[in-house]
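Have a look at the structure below, then the notes.
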């Protein structure tokens, strides 16, 4: 459940625009595609490690994805203030 929610947050919020480095629409689209590809790779590694019963690897990657989603929420909040 945490993985699903975190993945949806990453897909909807990434990339977060910063005041020091604004992104135009082309850059935003490119980085959004990179985000999707990297997230798909992580999800595939989680699926394979779960099937091969490497629970430690899959748990670590789930925590990483959840932390990235949390950092995206913080970045969006900080940049909106």
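Bear in mind that the values in this text are calculations on the coordinates, not laboratory data. Treat the numbers as computed from the prediction; the structure is a model and nothing was measured. No Cβ is skipped: glycine too gets one built from the backbone with ideal geometry, and neighbour counts run over all protein chains shown.
Given the chain reduced to its alpha-carbon atoms as identical point scatterers, what log10 I(q)/I(0) does the Debye formula return at q = 0.16 Å⁻¹?
-0.64
Which of the peptides 67-75, 45-53, 19-27 is most tightly packed, and how do the rest follow, going by the mean number of other Cβ atoms within 10 Å of each residue? The partial results should precede the final answer.
Details: 67-75: 15.2, 45-53: 12.8, 19-27: 8.9.
Averaged packing, sorted descending, gives the order 67-75, 45-53, 19-27.
Would you calculate, for the chain, the mean residue ellipticity at 222 nm contributed by helices, counting each DSSP H stretch of 4 or more residues as -39,500 (n - 2.57) and dividing by all residues, to the nearest 500? Don't skip to the answer; put the middle values down first.
Working: 3 runs with 65 residues, N = 81.
Taken over the chain, the calculation gives -28000 deg cm²/dmol.
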